[in-house]
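Here's the structure, in structure tokens; my notes come after.
The values are calculated or read from the model by the stated rules, or taken from the named source; none is laboratory data. Just so we're clear, the structure is a prediction, and the values are computed from it rather than from any experiment. Every residue, glycine as well, gets a Cβ built from its backbone with ideal geometry; the counts of neighbours run over all protein chains shown. Keep in mind that these areas ignore ligands, DNA and RNA; they rest on the heavy atoms of the full protein, side chains included. Shrake-Rupley method; radii C 1.70, N 1.55, O 1.52, S 1.80 Å.
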Amino acid sequence: SRVGATLHIVAGERAPLVSVHVNGIHRVDDGAVRTGIFSRAYEAPAGLSQAGVFHWPYVQQDAQRILRNLYSAGFLDAQIVGIRKEASVDLQGIAVHFDIVEGEMFELAEVHFHGDLPPGTTSDELEKSLSVKKGEPANVIALQEEIETMTWPLKDAGFPFVTIGQRVSEVSPPSGNPNNKGLLLDVTIEKGSVMTVRRVLVKGNDWTQEHV
């Protein structure tokens, strides 16, 4: 014989996010590590903000934001080894823990440019134009964005498929700090083939019947 069962589930009130902890950070400012993250503890009055909202997919995205912030600070070996969610001590909400292995900080030693450099430039000139200077934390996020903009003159000249190759080498830190490492970045730019516009097709001008 078969027995039917009915389950009556009462969800109750949604548990608020009452605390967010980034564990394992020793040399990076806590505020800098949290820049841009969505998950924040509730603080009255919250108003229209999302503070206090626990949403697991956003927590996972925040882990990537934290890593990006660490890379920006020169901690290129940083890892998130765990994300924990648990009841707060007073059982009034949820606490989220990001467990981090910070690793050593990398200082920028040198950046060498090779290949098809933008017209009228040299490797030394391109290196000097970078906002990240020798001996500073190797902010690879800023470096990659700036190197990408350096190829715009080539793209404007008809080379839309410019490729950028990067090779990273570990060297002695410029500061001599034994707790840090040095980063040597070799950048190779290949402009590829020039492209020309052979034809421009305009569709959708049925009403005006204009000849283009």
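Relative contact order for the range 71-168: 27 percent, from Cα pairs under 8 Å spaced at least 6 residues apart, divided by residue count. Mind checking the angle between helix 56-72 and the chain's longest principal axis? C-alpha axes, 0 to 90 degrees, to the nearest 10. For helix 56-72, the angle is close to 40 degrees. First measure r as the distance between the Cβ atoms of W152 and R27, then evaluate 1/(1 + (r/R0)^6) with R0 = 41 Å and state the FRET efficiency to the nearest 0.05. Approximately 0.70, to the nearest 0.05. List, in order, the whole-Hz ³J(HN,Hα) value for each residue of the range 155-171 obtained from phi through the Karplus relation with A = 6.51, B = -1.76, C = 1.60 and θ = phi - 60°; use x for Gly and Pro. Karplus-based 3J(HN,Hα) across the range 155-171 equals 5, 5, 8, x, 10, x, 10, 5, 10, 10, x, 10, 10, 9, 10, 8, 10 Hz. Sorted on the mean count of surrounding Cβ atoms within 10 Å across their residues, most packed first, peptides 142-150, 66-74, 85-93, 97-105 read 66-74, 97-105, 142-150, 85-93. Projecting the Cα atoms of S169, A63, V3 onto the charge dipole of the chain, computed from C-beta unit charges around the Cα centre, puts V3 farthest toward the positive end.
Residues whose amide H falls under 5 Å from that of E107, counting only those 5 or more places apart or on a different chain, are A138, K181, G182, L183, with hydrogens built in the peptide plane. For the chain, the longest principal axis of the C-alpha atoms and the axis of helix 140-150 are separated by about 30°.
From its DSSP helices (H runs of at least four residues, each -39,500 (n - 2.57)), the chain gives a residue-normalised ellipticity at 222 nm of -6000 deg cm²/dmol.
Once you have a ≥ b ≥ c as the square roots of the Cα gyration tensor eigenvalues for the range 87-212, tell me rounded if a/c is under 1.5, and otherwise prolate or oblate according to whether a/b is larger than b/c. Note, shape of the range 87-212 comes out oblate.
Taking the Cα centre of the range 83-130 as origin and assigning +1 to Lys and Arg Cβ atoms and -1 to Asp and Glu Cβ atoms, the resulting dipole is close to 320 debye.
When K133, K203, K128 are compared by accessible area at a 1.4 angstrom probe, the order from most to least is K203, K128, K133.
Apply the a/c threshold of 1.5 to the C-alpha gyration tensor of the chain and tell me whether it is rounded, prolate or oblate. Oblate, because a/c is 1.5 or more while a/b does not exceed b/c.
Rolling a 1.4 Å probe across all protein chains gives H114 an accessible area of roughly 80 Å².
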